[in-house]
Structures are given as structure tokens and as C-alpha cells.
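All remarks here apply to the structure that follows.
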Amino acid sequence: MTLAVDIKHTLGKFWLDARFATEGGLTALFGRSGSGKSSIINVIAGLIRPEAGRVAIDEEALLDTARGIFVPPHKRRLGYVFQEGRLFPHLTVRQNLLYGRWFAPPAQRRDDLGHVVELLGLGATLERRPGRLSGGEKQRVAIGRALLANPRLLLMDEPLASLDEARKAEILPYIERLRDEARVPIVYVSHSVAEVIRLASTVVLLSEGHVAAVGPTAEVMRRIDLPPFAGQPDAGAVIEATVAAHDDRFDLTELTSRAGVWRLPLLGARVGERLRLHVHARDVMLATTRPTDVSALNVMQGVVAEVSAGGGATVDIRLDCNGEALTARLTRYSAERLRLAPGVPVFALIKTVALSGPARGGRNAETGDA
């Protein structure tokens, strides 16, 4: 499925001028608060009618101001999950779910109730009313209700924003299952780096109503020029890795990637499972000779690919580690002392690695042992 968006609209003093196209998977609209994320998703849903533009799914126009096309929201066949579940308090979970199914014509019903209940882990809640559900359970019911309406595209506007960290950890695996198993493309609004890195196939980075970057998650998140647009003080890199083995003696998990071998605290992940690692630039040290007798568990060999321009006390150094990108943030003094420039071979010592997937105990894993 291809989603094409090209819109221009004025909201008070805010000027929205955004153009991008994505193909399936989970597309994250990412950026700091006020960048236009929710406005774009509401234009896609038909809740905002822009002054000019076009929105199309697989070349079928939902909006085309030049041709006078505006498909009403209820005819777009889109599911929408808001920040709060917005469930009917007088209905049970089963009845709330079936309310969504009522909107799907019988001939177009792809998912049955049983499949959605299993997908979202709602079996034990079916006879409860919303007042007896946790925040995470309410959001899962809202997602299920949207799925049973048989949408061709699911819109999620910061669905975890109202949840505490425990409830977020509870619901994230279900959104991953939704992305991987439900076969419904998702547009997901977020200002959380961790959510985007864990969930997104494609990132649309927004800044002040404009698209600053669009592309695969790892490609966008590793660019050293983009953190200010995202409201992030630190650059970083996203590493695709595969679980290779578990070492129960030292409580470590070994992962492999193009950059090399990573060792992290023991993870509750299957051997062969694909995970994403988020490496902050501030947690990467560089050496021009191979380090010895250090505590670092994660040392990657690479070549300097780019040195950020600009003043200030620090510079960002992008590395090419066998086709995988890492970024290091150093003082300008260190960069000049080491004579770092494109093409210079280096070794990266990674102090801390944040893992996108769950560790044992349901928490994200970090290792401070490099």
C-alpha cells in the first residue's frame, strides 16, 4: 500500500506545508511538539480539510483540492486510535470490539473477533467494562475496535502518551505484533525516540510544519544534522542486530550485526530474533589504535565517514563500520588531537547500549560496561 500526502494549510499563525510518500509497514510522524504531526494525521483522517493538497492511498484520492475531491471521514475506511481509548463506558469489552465490526461491510470483513482478541491478548477482559481496565488494556481494546472496522490504514495519534512507563511497556509488544501480523499499514504519531526506533519501518521527521527528512528508520535516525529538528540534544545510531547466543554464566546475550559482535545484559529474546539497538553519540569513544586491557565489551572497527561542521566545543563524527553507521560526539580538541577526518580508521568503544526490545523482567536493557 502506498500513502501519498501533499498538503498546505494555515492553522492560526502555523503554516503546514508537508509532502511525503510511504509504502506499508509502520510510518512514524516524528518531531517535537507543535511540528504538525497531529495536524497531518487529522488531514489524512478527513478531520481537517486543508486549503490545498492531495491525499491518496494506492492512487485513490481521499482528498484532491484541485479536482474538488473530499471523501468524508466515515467513507475513507480508516481506523483511528486516539491518545485515550474513548471506549463506551456502558458496554463490555466484547461489545466495544463488536461496535467496530459493525462499520465493516460483511464482504470486506477480514479479521474475526477471535483473531483480534488473540492478537491483542484481550481474552480475560471480554466481559469487563472499561472502568475495570488498566490504561494499557483500554488502548488495546481501542486498537481492536479499530481493526474490526476493517481499515485499509490505521492511524494512531500518540497512543501511549497518557500511559505511565509500566503501561507503555505492556502495550508496546502488542503494537509490534500489530505491525508484523495484522497486515494493516499504520501511521503512528510520536515525539518519543524510543518508540520510533522500536516500532517504525519509515520515519517522517517534521519541523515547524515542514518535512525535514523521510526514509527508513535507521537511515534517518543516524543523520548527524537532524537531532535539533527532532528536539533531541544528541545524535545517535540505530543498529539492526540478531540474537546469536546467551551466556548464562556471565548473564550476557551476544548479538551480531554488520558492525560486529555486541554483548549486553541477558535478554529475554530468542536466538535468531531481530532487535534494534540505539547507540547515543555521547556514549561512543574513539581510538586510532586497537585498545587493549579495557573493560569495554563492545568495540567496533570502522572508518570516519563524516565530521559535522559548525562551531562550539563538540563535533559529531559519523563512522562506517562495515556498512553500519555509528556516531560519536567528541570535543573539538579530541577530534583535532586524533586528526579525525574522512577516511581515517578508528575503533569505537561503546559505553552504553539501549535496546529497543524487552529484557528479562520487561525492561529495556542498558549496559554501562561498554
Check your understanding: At what distance in nm do the modelled label points of ARG132 and GLU240 sit from each other, each positioned 7 Å from its Cα along Cα→Cβ?
Key -> 4.5 nm
Practice item. May I ask you to sort ILE143, ILE171 by Cβ crowding, counting other Cβ atoms within 10 Å and putting the fewest first? Key: ILE171, ILE143
Exercise for review: Could you work out how far apart the two model spin labels at GLU208 and THR331 are, taking each label as a point 7 Å from the Cα in the direction of the beta carbon, and quote it in nm?
Suggested key: 3.3 nm
Revision key, fill the gap. Here the gain from full extension of HIS74 to TRP102, 0.36 nm per residue of separation minus their alpha-carbon distance, amounts to 8.8 nm
Exercise for review: Could I have the simple spin-label model distance between ARG32 and GLU118, label points 7 Å from Cα toward Cβ, reported in nm to one decimal?
Suggested key: 4.6 nm
Practice item. Could you run the Karplus curve 6.51 cos²θ - 1.76 cosθ + 1.60 with θ = phi - 60° over the stretch 282-296 and give me ³J(HN,Hα) per residue in whole Hz, x for Gly and Pro? Key: 5, 9, 10, 9, 10, 9, 8, 10, 4, x, 10, 6, 10, 7, 4
Point to revise | Contour minus Cα-Cα distance for THR256 and ASP164 (0.36 nm per residue) | key: 29.9 nm
Practice item. Which order do the peptides 71-82, 51-62 take when ranked by the mean count of other beta-carbon atoms within 10 Å per residue, highest first? Key: 71-82, 51-62
Check your understanding: Under 12 Å from the Cα of LYS8, which aspartates and glutamates turn up, not counting those fewer than eight places away in the same chain?
Key -> ASP17, GLU51, ASP64
Exercise for review: Rank the residues LEU122, LEU47 as a footprinting-exposure proxy: fewest other Cβ atoms within 10 Å of their Cβ go first.
Suggested key: LEU47, LEU122
Review point. For ASN322 and ARG94, FRET efficiency with R0 = 45 Å and r from the beta-carbon atoms, rounded to 0.05?
Key: 0.30
**Study point:** Scaled radius of gyration (Cα, divided by 2.2 N^0.38 Å) that the chain gives
**Key:** 1.08
Review point. Working out 0.36 nm times the residue gap between MET1 and ARG339, then minus their Cα-Cα distance, what length gain in nm do you get to one decimal?
Key: 116.9 nm
Practice item. Name the lysines eligible as straight-distance cross-link partners of LYS168: C-alpha to C-alpha under 22 Å, and not fewer than 8 places from it in the same chain. Key: LYS37, LYS138
Revision key, fill the gap. Per the Cα gyration tensor, the stretch 1-73 corresponds to an equivalent ellipsoid with semi-axes, largest first in Å, of 18, 17, 9
Check your understanding: If one puts a single equal scatterer on every Cα of the stretch 236-367 and applies the Debye formula without solvent, what log₁₀ I(q)/I(0) results at q = 0.10, 0.18, 0.20, 0.22 Å⁻¹?
Key -> -0.33, -0.94, -1.10, -1.27
**Study point:** Residue among ALA235, ALA244, ALA281 with the largest mean-square fluctuation in a Gaussian network model of the chain, springs linking Cα atoms under 10 Å
**Key:** ALA244
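Every number here is computed from the coordinates shown, using simple stated rules; none is lab data. Since this is a predicted model, take the numbers as computed values, not measurements. Reconstructed Cβ throughout: ideal geometry from the backbone, glycine too, with neighbour counts over all protein chains shown.
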